[in-house]
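Asks: Just passing along the structure, written as structure tokens.
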Amino acid sequence: MFLSDYTLRLVLSDCNPSSQKVNALVDLSEDLSEVFPYLNTVLKGLQYDHDEKVLTVKREGRLITFRPRQIAVAKLEDENEARSVVEALKEIVNETYANRDHIKPTYASRPPPRPLEIFKLFPGKNCKECGEPTCMAFVLKLVNDEVKLVQCPLLYTKEFEANRSKLEEFLPDSET
């Protein structure tokens, strides 16, 4: 196991003091920077700055920032949720580290997909089956991690299978 021990601190948002959410700062016992290029290959939808040793990803509406000896997680309900999210991140880090011999590290950051690029792969039928008034409204929420790809039923038809596959290649957690 690569990442074993950490200290969790909950902090209130400096940007929005009236927020009901808390943020977590996770101080790590190990330096994670050697795993970052592998995580950059394995995970989708993240930004990586190899020179600064910072990796940022959005998951389930939360902004998560990895630094060599710290992980910051935003928009958490409470300490229980913070611990659950941190344990899941720990598992991802350890699994990636364990499989690093089979992963080609990526040192360059990939640009995030633009909403218009995503929209071009959508059915464009504005069927409202996803709960949004238009496909573009859905795409904007998708980019902001407010909805999941699976909520668009038309993408899961045979007609749009190829487009869905392309979207799943670069969108984070498209199925969950």
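Asks: Take the residues in region 137-166 that are outside any helix (DSSP H, G or I) and of a type in the set (Val, Ile, Thr), then tell me which one is surrounded by the fewest Cβ atoms within 10 Å (Cβ to Cβ). Show your work before the answer.
Replies: Here is the first cut: in region 137-166, the ones outside any helix (DSSP H, G or I) are 144-148, 152, 157.
Pick out the ones that are also of a type in the set (Val, Ile, Thr) and you get 147, 157.
Values: VAL147: 19, THR157: 11.
The residue in question is THR157.
Asks: Look at GLU95 and say whether it is assigned by TED's automatic domain parsing to the domain that holds LYS58 and within 21 Å of ARG59 (Cβ to Cβ).
Replies: Numbers: assigned by TED's automatic domain parsing to the domain that holds LYS58: yes; within 21 Å of ARG59 (Cβ to Cβ): yes.
Judged against the criteria, GLU95 is a match.
Asks: Okay, moving on. More than 17 Å from GLY61 (Cα to Cα), touching a residue at least 24 places away in the same chain (Cβ under 8 Å) and of a type in the set (S, T, N, Q): does that describe SER109?
Replies: Working: more than 17 Å from GLY61 (Cα to Cα): yes; touching a residue at least 24 places away in the same chain (Cβ under 8 Å): yes; of a type in the set (S, T, N, Q): yes.
Here the answer is yes, as SER109 does meet what is asked.
Asks: Is at least one residue of region 116-139 among the charged types (D, E, K, R) and closer than 21 Å to PRO37 by Cβ? Let's see the steps before the verdict.
Replies: Let us first name the residues in region 116-139 that are among the charged types (D, E, K, R), namely 117, 120, 125, 128-129, 132.
From the residues that got through so far, the ones that are closer than 21 Å to PRO37 by Cβ too are none.
No, there is no match, as no residue in region 116-139 is among the charged types (D, E, K, R) and closer than 21 Å to PRO37 by Cβ.
The values are calculated or read from the model by the stated rules, or taken from the named source; none is laboratory data. All values reported here derive from a predicted model rather than from experimental measurement. Glycine also receives a Cβ, built like all others from the backbone with ideal geometry; neighbour counts cover every protein chain displayed.
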